[in-house]
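Structure first, then comments.
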Amino acid sequence: MDTRIVVTGILKDNDEFLVVKRSLDDNLYPGAWEFPGGHLENGETLYDGLKRKLYEEIGFNYDFKPIITNYSDDVENNIHNIEIDFIINVDKQQVNVILSNEHCDYKWVNKDSNLLDEYIKSKLDNI
């Protein structure tokens, strides 16, 4: 069984969170709303991987520390997913989002937003 490590950045301003929308022509979950992040490259640390992904996906550079860890199995594809979420407190007025071609939109939403699926909402319940 393969193990994949995913890092995500949960940018938080008071009771609002930054989510990005996957491009509509993306192969994986087109049009889905998510937190910015992705898989680590070989030999990459959690911190360096998240820093790279946040810069690539939304043009964001910041120092942060991990808060939440989630684990899930993708039994169908024989993969273990270990997801490390970093909560980053920000002033959203100071965040200049520059989307990559992986994403087509972004929004600041609260925990109850109808844009969020139950998996994302369950993460936010822990914050």
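The values are calculated or read from the model by the stated rules, or taken from the named source; none is laboratory data. Source: prediction; values computed, not measured. Ideal geometry is used to build each Cβ from the backbone, glycine not excepted, and the neighbour counts take in all protein chains shown.
Of all residues in segment 102-116, exactly one satisfies the criterion of being among the hydroxyl-bearing types (Ser, Thr, Tyr) and buried (at least 17 other Cβ atoms within 10 Å of the Cβ), namely Tyr106.
Taking segment 94-111 as the range and being β-branched (Val, Ile, Thr) and either touching a helix residue (DSSP H, G or I) at 6+ places or on another chain (Cβ under 7 Å) or assigned to a loop (DSSP other than H, G, I, E, B) (or both) as the test, the residues that pass are Val95, Val97, Ile98.
A quick yes/no check of all residues on (1) touching a residue at least 12 places away in the same chain (Cβ under 8 Å); (2) touching a helix residue (DSSP H, G or I) at 6+ places or on another chain (Cβ under 8 Å); (3) not in a loop (DSSP other than H, G, I, E, B):
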| residue | (1), (2), (3) |
| --- | --- |
| Thr3 | yes, no, yes |
| Val7 | yes, yes, yes |
| Val20 | yes, yes, yes |
| Tyr29 | no, no, no |
| Glu57 | yes, no, yes |
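So for segment 112-126 (the condition being hydroxyl-bearing (Ser, Thr, Tyr), under 22 Å from Pro30 (Cα atoms), modelled with pLDDT of 90 or more and touching a helix residue (DSSP H, G or I) at 6+ places or on another chain (Cβ under 8 Å)), does at least one residue qualify? Within segment 112-126, none of the residues are hydroxyl-bearing (Ser, Thr, Tyr), under 22 Å from Pro30 (Cα atoms), modelled with pLDDT of 90 or more and touching a helix residue (DSSP H, G or I) at 6+ places or on another chain (Cβ under 8 Å).
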